[in-house]
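The values are calculated or read from the model by the stated rules, or taken from the named source; none is laboratory data. The shown structure was predicted, so the numbers you read here are calculated from the model rather than taken from an experiment. Every residue, glycine among them, receives a Cβ derived from its backbone with ideal geometry; neighbour counts consider all protein chains shown. Surface accessibility is based on the protein's heavy atoms, side chains included, excluding ligands, DNA and RNA. Shrake-Rupley method; radii C 1.70, N 1.55, O 1.52, S 1.80 Å.
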Amino acid sequence: MTKRKEILVSDAVELEPLETQEAPIDTTSKDERPEPVIYIGDSLKNGKLEQFTVFNNGIPDFLAEDIEKCPAIQSLILPISQLGECRQKLSIQGSLEDTLNNQIIQYVRSEK
């Protein structure tokens with residue numbers, strides 16, 4: 001059996017609340033950037049967007065008009081870490097990626 005130690009009230013320690021900080025601590029490094037993204041769909045006309053183009057700072061503004069006309073373009077711009085998996089899916093007929101790419105092909109054909 002263990003023997004219990006009695007503590008007198010006069011021996012008790014009074015705890016004080018922790019100091020709170022007014023602003024939360026920023027744990028992100030200044031060097032952290034969003035992951036690069038890559039376009040895996042078919043190339044657009046006039047070299048505006050080539051297949052496997054990598055963007056380091058998100059999707060550029062010059063693609064806004066094309067994305068508005070064909071939202072499938074944005075769907076095939078993905079984080080570079082997903083390239084292998086999505087590239088395999090792109091080659092499977094009837095997959096979501098293949099269907100989106102077919103929409104892009106139709107869009108490219110319809111553009112003059």
Any residue on another chain or 5+ positions along whose placed amide H is under 5 Å from the amide H of S43 is listed here as Q51
Carbon and sulfur: what percent of the range 50-112's accessible surface (1.4 Å probe)?
48 percent
Two pseudo-spin positions, 7 Å from Cα along C-beta at F62 and at L83, lie apart in nanometres by 2.1 nm
Mind giving me the nanometre distance, one decimal, between the label points for K48 and E35, set 7 Å out from Cα along Cα→Cβ?
2.8 nm
